[in-house]
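This report refers to the structure that appears directly beneath it.
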Amino acid sequence: MTDQIRPAADDPPGGLRRSLADTLARAIADDIIEGRLLPGVRLDEHELAARFDVSRTPVREALGQVCTMGLAERRPNRGVLVMVMSEARLEEMFVAMAELEAAAARLAALHMTGAERRGLEALHLDSAAAVRAGATDDYAAFNTRFHQAIYAGAHNSYLEELVGLTRKRLAPFRRAQFNVLGRLASSCEEHDRMVQAILRGDAEAAAAETRAHVLTVSAASVAYVGTRARSTTRSDQPV
């Protein structure tokens, strides 16, 4: 049986092949984080292409993305193997992300245009509606667009590039946090504090609220991934 795959709501522009590769990478990354693909397992292009009913080309591109995320690695004569992301490494990446996002929020509070501020507020209101509806996937898509609006609003293309690359590496872990009970609502509340600081032009408050938000995301993500890893280890024990 094949898995149905479709472009995600927050896929970037760039053509069908790129969107398909991004969506495949997301599915494979989620399988690794959820423990459905265990460390050391070989990610075979033929098997994945058959599973998702696609050609090998987008699968090959997707595996490259998964390797960039640090969830797999290419080994000579063995192909692509699932890796273990240590909690310490994950925390280091989130600390760096927190500082990058704080810098972006600080600049956004200073440089966002009126239209950009209204757009950010509208995205926040849409995401709040998704929380009330319990629509996790919709909230995740709005969440990505919300943060991207802040990066763009900083009006610093190099910072936007850096934070975008780091966010892409952490994307599957950031999605995983929404499986933690109550995290959806608390994430939206944190966004509200960020938005209010940006709207009133308070650069330091915007940076502080954003840093606190990302570090909370870090704690939730690391806790969830650690719980899944321990659960997977227990399920592998003989009974």
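Val66 meets each of the listed conditions (1) in contact (Cβ under 8 Å) with a residue 60 or more places away in the chain; (2) within 16 Å of the chain's Cα centre (by Cα) apart from (1). For region 145-166, the tally of residues that are part of a helix (DSSP H, G or I), over 15 Å from Asp192 (Cα atoms) and in contact (Cβ under 8 Å) with a residue 12 or more places away in the chain stands at 10. Looking at Ala103, Ala49, just one residue is within 24 Å of Asp192 (Cβ to Cβ) and surrounded by 15 or more Cβ atoms within 10 Å (Cβ to Cβ), and that residue is Ala103. Restricting attention to region 137-174 and to residues that are more than 21 Å from Ala105 (Cβ to Cβ) and crowded, with 16+ Cβ neighbours inside 10 Å, the residue that is modelled with the lowest pLDDT turns out to be Pro172.
Just the residues that are in contact with a Lys or Arg (Cβ under 7 Å, 6 or more places away or on another chain) and surrounded by 16 or more Cβ atoms within 10 Å (Cβ to Cβ), please, taken from region 57-80. Answer for region 57-80, where residues must be in contact with a Lys or Arg (Cβ under 7 Å, 6 or more places away or on another chain) and surrounded by 16 or more Cβ atoms within 10 Å (Cβ to Cβ): Pro58, Cys67, Met69, Gly70, Val80.
The values are calculated or read from the model by the stated rules, or taken from the named source; none is laboratory data. Predicted model only: the values in this text are computed from it and were never measured. Note that each Cβ is placed from the backbone with ideal geometry, even for glycine, and that neighbours are counted across all protein chains shown.
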